[in-house]
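Below: one structure, written as structure tokens.
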Amino acid sequence: MIKKKKTRGQLIVLSGPSGVGKSTVIAELLGERKDIYFSVSFTTRSPRVGEADGVNYNFVSREEFERMISADELLEYAQYVGNYYGTSLKVIQDKLAAGIDVLLDIEVQGAAKVRSKCPEAVLIFIIPPSFEELSRRLHGRATDNEDVIAGRLQKAREEYRQIPNYDYLVVNDKVSTAAAEIISILTAEDCRTRNRLALVDGI
Ligand code: 5GP
């Protein structure tokens with residue numbers, strides 16, 4: 001079959017609790033699917049060690065973020081643990097219009113906004129094999145104290161309540177398996193009739 005270029009890219013939303021290993025799964029996925037554009041969010045939080053401006057996030061001041069909100073420059077934004085996080089509207093629109101798939105790594109409030117603004121987006125939630133395993137992974141980081149870890153676990157419980165609003169649930173037991181499942185989901189989404197009508201002839 002001759003593969004025609006997609007007329008519009010697929011918007012992919014990935015959410016999951018802190019400590020689930022989302023970044024590792026995303027790195028594996030992007031290694032396999034180099035055609036996917038990873039959206040670099042804007043945030044008011046400070047860079048962590050090893051993070052670079054424009055690579056992990058676009059780090060901006062609260063004033064600049066609030067200006068972007070007023071100017072309607074964000075597809076979605078949310079406050080998370082005292083900081084703003086948001087997705088640039090223009091970058092996403094341009095990529096999707098160019099037929100490029102776009103991946104957003106965002107939390108549950110932002111995902112809900114994307115769902116209402118872009119109903120055709122595919123929403124994927126990643127969980128660990130068990131809550132006990134999540135706790136073990138958070139303790140394994142050794143950078144956070146007990147209070148911070150307890151806060152993250154509480155936040156995870158709240159986030160889990162939103163799982164029914166997602167289209168797909170991926171369990172990150174093994175990174176390569178989780179990434180492979182996401183690739184399968186994206187292949188299935190590409191095969192949706194609405195995304196393939198341009199291939200139909202002979203009518
Ligand atoms: P972190 O500070 O650990 O990098 O991210 C905290 C949370 O913010 C994660 O759940 C991450 O998915 C989410 N996040 C990152 N960028 C965005 C964004 O642009 N919008 C929203 N709503 N959440 C985001």
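Hey, among TYR85, TYR80, which residue is touching a Ser or Thr at 6+ places or on another chain (Cβ under 7 Å) and either free of Cβ contacts under 8 Å to residues at least 60 places away in the same chain or near the ligand (Cβ under 10 Å from one of its atoms) (or both)?
When all the criteria are applied, what remains is TYR85.
When the residues of segment 103-123 are narrowed to those that are of a type in the set (A, V, I, L, M) and within 12 Å of the ligand (Cβ to nearest atom), which ends up nearest to ARG161 (Cα to Cα)?
Taking segment 103-123 and keeping what is of a type in the set (A, V, I, L, M), we get 103-104, 106, 108, 111-112, 114, 121-123.
Okay, now just the ones that are also within 12 Å of the ligand (Cβ to nearest atom), so 103-104, 106, 108, 111-112, 114.
Details: LEU103: 22, LEU104: 20, ILE106: 16, VAL108: 10, ALA111: 13, ALA112: 12, VAL114: 17 Å.
Selected residue: VAL108.
Please find, among LEU138, LEU169, the residue that is at negative phi and modelled with pLDDT of 95 or more. Quick ask: steps written out before the conclusion?
Details: LEU138 fails: modelled with pLDDT of 95 or more.
Exactly one of LEU138, LEU169 is at negative phi and modelled with pLDDT of 95 or more, namely LEU169.
Yes or no, residue by residue, for (1) within 19 Å of VAL171 (Cβ to Cβ); (2) surrounded by fewer than 19 Cβ atoms within 10 Å (Cβ to Cβ); (3) out of contact with any Phe, Trp or Tyr (no Cβ under 9 Å at 6 or more places or on another chain):
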site: ARG67; (1), (2), (3): no, yes, yes
site: TYR84; (1), (2), (3): no, no, no
site: GLY99; (1), (2), (3): no, yes, yes
site: VAL102; (1), (2), (3): no, no, no
site: VAL108; (1), (2), (3): yes, no, no
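What about ASN165, is it open to solvent by less than 60 Å² (accessible area, probe 1.4 Å) and over 14 Å from the mean Cα position of the chain (by Cα)?
Spelling it out, it is not the case that ASN165 is open to solvent by less than 60 Å² (accessible area, probe 1.4 Å) and over 14 Å from the mean Cα position of the chain (by Cα).
State whether the residues of segment 40-52 include one that is open to solvent by less than 40 Å² (accessible area, probe 1.4 Å), away from the ligand (no atom under 12 Å from the Cβ) and touching a Gly at 6+ places or on another chain (Cβ under 9 Å).
No, there is no match, as no residue in segment 40-52 is open to solvent by less than 40 Å² (accessible area, probe 1.4 Å), away from the ligand (no atom under 12 Å from the Cβ) and touching a Gly at 6+ places or on another chain (Cβ under 9 Å).
The values are calculated or read from the model by the stated rules, or taken from the named source; none is laboratory data. Values in this document were obtained by computation on a predicted structure and should not be read as measured data. So basically every Cβ, Gly included, is an ideal-geometry build from the backbone, and we count neighbours across all protein chains shown. Surface areas here come from the heavy atoms of the whole protein model, side chains and all, with no ligands, DNA or RNA. Shrake-Rupley method; radii C 1.70, N 1.55, O 1.52, S 1.80 Å.
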